[in-house]
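Right, one structure below, let's go through it.
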Amino acid sequence: QPPEYFPMSLKIAFIGAGSIGFTRRLVHDLMAVPELRHAQIALTDISKRNLDMVYRLVKRDLEANGVKTTPTATTDRRAALKNANYVFSVVRVGGLEAFQHDIDIPLKYGVDQCVGDTLAPGGILYGQRNIPVILDFCRDIREVAAPGCVFMNYANPMAMNTWAANQYGGVCTIGLCHGVHGSWWQIAEVLGVPMQELDVVAAGINHQTWFISVKHRGKEMTPFLLEGFEKHPVFSKTEKTRIDVLRRFGYYSTESNGHLSEYVPWYRKRAKEIRKWIDLSSWINGETGGYLRESRQGRNWFVHDYPNWLKADPPKFGPECRSAEHGSYIVEAMETGRIYRGHFNRPNGAIIANLPADCIIEAPGYVDRNGLNMTVVGSLPLACAATCNASISVQRMSVEAAVRGDLTLLKQAVLHDPLTAAVCNPPEIWQMVDEMIVAQAKWLPQYAKEIAGAKKRLATEKPLGTNKTRGAARLREKTVADIEKDSAARARAAAADKAMADRQARTGRKG
């Protein structure tokens, strides 16, 4: 049907719209769909400065492409959400200041993280900051958004945020991640076939999703993956953790080498062995605090280069420039009825038989005008399920701790985290969590009554986090001057998906 058939009242809101990469990228994707060009775009953020910078770029891009809708920008979240049909969350509660604590404090206790946004102490504390805010978003959506509003969460820790929103927020929430797509191309490359010719089924939990079926023209190709990855001239060096898990499990993980290494107890437990399992050609391959470094560089570069962004020719909207991010395809499918197949984060129920019913799984689904319908996967291979179940127990405790403000439960969640348990003893974990909540107190209102006690314990107990290391594989942060000389670093600094940008810069491949 022609674009004019679709209702002019469609409204799409972005929370955390001051995000350097995601907001602008998602708006471009949405505007690549002719039927969505009439939609109202509402941007909101707590940072007026960041919001204004992104708003000016988005407004200019829309005008340059002849889109008549005028975006709005406000720090009044409820005003932005009023009558919204779709809401995207791309927030990082605590920003890079809190992120620094997520990486640096655990290092004092021997916990060396690459990203620290999903599991391990960094991901767990990130969830404690995010979940109360996510529930505030859900309250506003219930009260002022359009009936049936769909909440799409791009923020990590994905599973914890989506779990809290669905269980306690009372809002239909879909968690979105590009992990499956970001690994699909690797499989195509090692098999030597076009990506579009592969039919894959990936299932598990976010950042621990497994390619349980990879078919090419009806033939199952999973048995050929290990040999392909071991012989690949690049992946054999950059994906050593993932290849080792593939060798022992029989299935390839969707998540990056650095991410996977920090979710399991085997590869980052001994500082002197970490470099054996990672690669420093890209932060995503396992560098200590790699994503923090990239994020800081990206922020500094955006502030420096913003005038040039405004001067540059605006991008042209169209299908050829549309990214693989799920968000625009979901809106398109729900509004037009065109069927979209992707991998989504939703409450399990009975989708994956050997994972708990209440957890958030990542699995295939189909979207059309009737909404999102997940497909039944059945049981995961036992080793894959065991790894997922260990993380799910940590996620469940973390969500409950965040909702209740229960410090003991929070410490128990960290106690059961696989990497932390491989490195720390219980007294160290108790003290580390005390130190983290004190450092992050201004973002943890649910623990307000616990902060004084934690400070007292830290002042009277023998310090246990005494490591002086910056990490087993930490690289120097690039200055703006360094980035100006490095085209790959410039591409990553401007990108929403920094891992994808790095790959494109190194290989010349897109998508």
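Selection of first residues in the stretch 311-339 that are of a type in the set (Val, Ile, Thr) and of second residues that are exposed (fewer than 14 other Cβ atoms within 10 Å of the Cβ), restricted to Cβ pairs under 9 Å at least 6 apart or on distinct chains, gives the following pairs, ordered by first then second residue: 336/1; 336/369.
Table: residues versus (1) open to solvent by less than 50 Å² (accessible area, probe 1.4 Å); (2) part of a loop (DSSP other than H, G, I, E, B).
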residue	(1), (2)
308	no, no
342	yes, no
346	no, no
356	yes, yes
361	yes, no
373	no, no
380	yes, yes
386	no, no
390	yes, no
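Condition check for residue 167 on (1) over 19 Å from the mean Cα position of the chain (by Cα); (2) of a type outside the set (Gly, Ala, Ser); (3) buried (at least 21 other Cβ atoms within 10 Å of the Cβ): one failure, at (3). Close Cβ contacts (under 7 Å, 6 or more residues apart or on different chains) running from residues in the stretch 393-409 that are within 13 Å of residue 123 (Cβ to Cβ) to residues that are modelled with pLDDT of 95 or more and of a type in the set (Asp, Glu) comprise 394/417. Within the stretch 22-49, the residues that satisfy the criterion of being open to solvent by 40 Å² or more (accessible area, probe 1.4 Å), over 16 Å from residue 87 (Cα atoms) and part of a helix (DSSP H, G or I) are 34, 48, 49.
In the stretch 297-307, the condition of being small (Gly, Ala, Ser) and in contact with a Pro (Cβ under 9 Å, 6 or more places away or on another chain) is met by no residue. Of the residues making up the stretch 50-82, those that are in contact (Cβ under 8 Å) with a residue 40 or more places away in the chain, surrounded by 15 or more Cβ atoms within 10 Å (Cβ to Cβ) and aliphatic (A, V, I, L, M) number 6. Cβ separations smaller than 6 Å between residues 6+ apart or across chains give the following pairs from the stretch 129-140 residues that are closer than 17 Å to residue 444 by Cβ to residues that are of a type in the set (Val, Ile, Thr): 129/93; 130/93; 133/93. Only a single criterion out of (1) farther than 21 Å from residue 86 by Cβ; (2) open to solvent by less than 40 Å² (accessible area, probe 1.4 Å) is not satisfied by residue 192, namely (2). Counting only strands (runs of 3 or more DSSP E) wholly contained in the stretch 126-223, the ones carrying 3 or more residues that are within 23 Å of residue 264 (Cβ to Cβ) occupy 198-205, 208-216.
The values are calculated or read from the model by the stated rules, or taken from the named source; none is laboratory data. It should be emphasised that the depicted structure is a prediction, and the values quoted were computed from it without experimental measurement. Cβ: placed from backbone, ideal geometry, glycine included. Neighbour counts: every protein chain shown. The accessibility values were calculated without ligands, DNA or RNA, using every heavy atom of the protein model including side chains. Shrake-Rupley method; radii C 1.70, N 1.55, O 1.52, S 1.80 Å.
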